[in-house]
Each structure stands twice: as structure tokens, then as C-alpha cells.
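Notes follow once the structure below has been shown.
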Amino acid sequence: MIEFEPPLVGCVISNLNYSFGLLKANQRMCVNIPTVEIAEKVVGCGNTSGAKVNKFKKLGLTPKLASKVGAPLIEECYANLECRVVDTKMVAKYCFFIL
């Protein structure tokens, strides 16, 4: 969390990750807040490239349509934040997006 009003979140995504290109192109993403019960699946998401594998299918998670952005939510998560990129000034140097 960076700011409360307007609500802003900072997110670093390696430019070597498949997600980096998707976020740069679409300018939208969801931050899914998991429960302890799905912690292993969350680690699996981070260790699996979505470029070659359907993570939802592989890890047994349920995709849910977001109401504001085109990115999928994870139904099993405690909370989901639908985000859009609002500042890319630090992306080239630090891979840091402001959402």
C-alpha cells in the first residue's frame, strides 16, 4: 500500500516474467489476497509461468471474472483488488508499477 486516497498499491514484477509484458500491454491486473489454506498453491503460481501453463487448471484454482478489469480473479482468495496502472515512471529502471 502506497497511499489511501486515492488508493494506490506498488508492485514489482521482473521484466523477465510473462506477467510483466501482460501488465505493460493491458495496464490492468488483479491483486489476489490468499488464505493460509491455499498458501502452497500461491507459491506454485509464483513458480509457474503462465506463458506455457494454465495456472488455474494446474493448481486447482477457480478463475472468476473481474467486474472492472479484464484480468481474472481467484475465487478461493480472501480478497481481490482490481487494479489499473496509473504511473509507469519507475518501470524501466525498477520494474515498479503504481496501481
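The values are calculated or read from the model by the stated rules, or taken from the named source; none is laboratory data. Computed from a predicted model, the values in this text were never measured in an experiment. Note that each Cβ is placed from the backbone with ideal geometry, even for glycine, and that neighbours are counted across all protein chains shown. Just the protein is used for accessible areas: all its heavy atoms, side chains included, with ligands, DNA and RNA removed. Shrake-Rupley method; radii C 1.70, N 1.55, O 1.52, S 1.80 Å.
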Tell me, yes or no, whether segment 31-47 has at least one residue that is at pLDDT below 90 and of a type in the set (S, T, N, Q). yes
Hey, among the residues in segment 62-86 that are free of Cβ contacts under 8 Å to residues at least 24 places away in the same chain, part of a strand (DSSP E or B) and not aliphatic (A, V, I, L, M), which one's surrounded by the fewest Cβ atoms within 10 Å (Cβ to Cβ)? Pro63
Taking segment 19-61 only, how many residues are open to solvent by less than 50 Å² (accessible area, probe 1.4 Å) and either touching a residue at least 24 places away in the same chain (Cβ under 8 Å) or aliphatic (A, V, I, L, M) (or both)? 12
Under the condition of being in contact (Cβ under 8 Å) with a residue 40 or more places away in the chain and part of a loop (DSSP other than H, G, I, E, B), which residue from segment 89-99 is nearest to Met29 (Cα to Cα)? Leu99
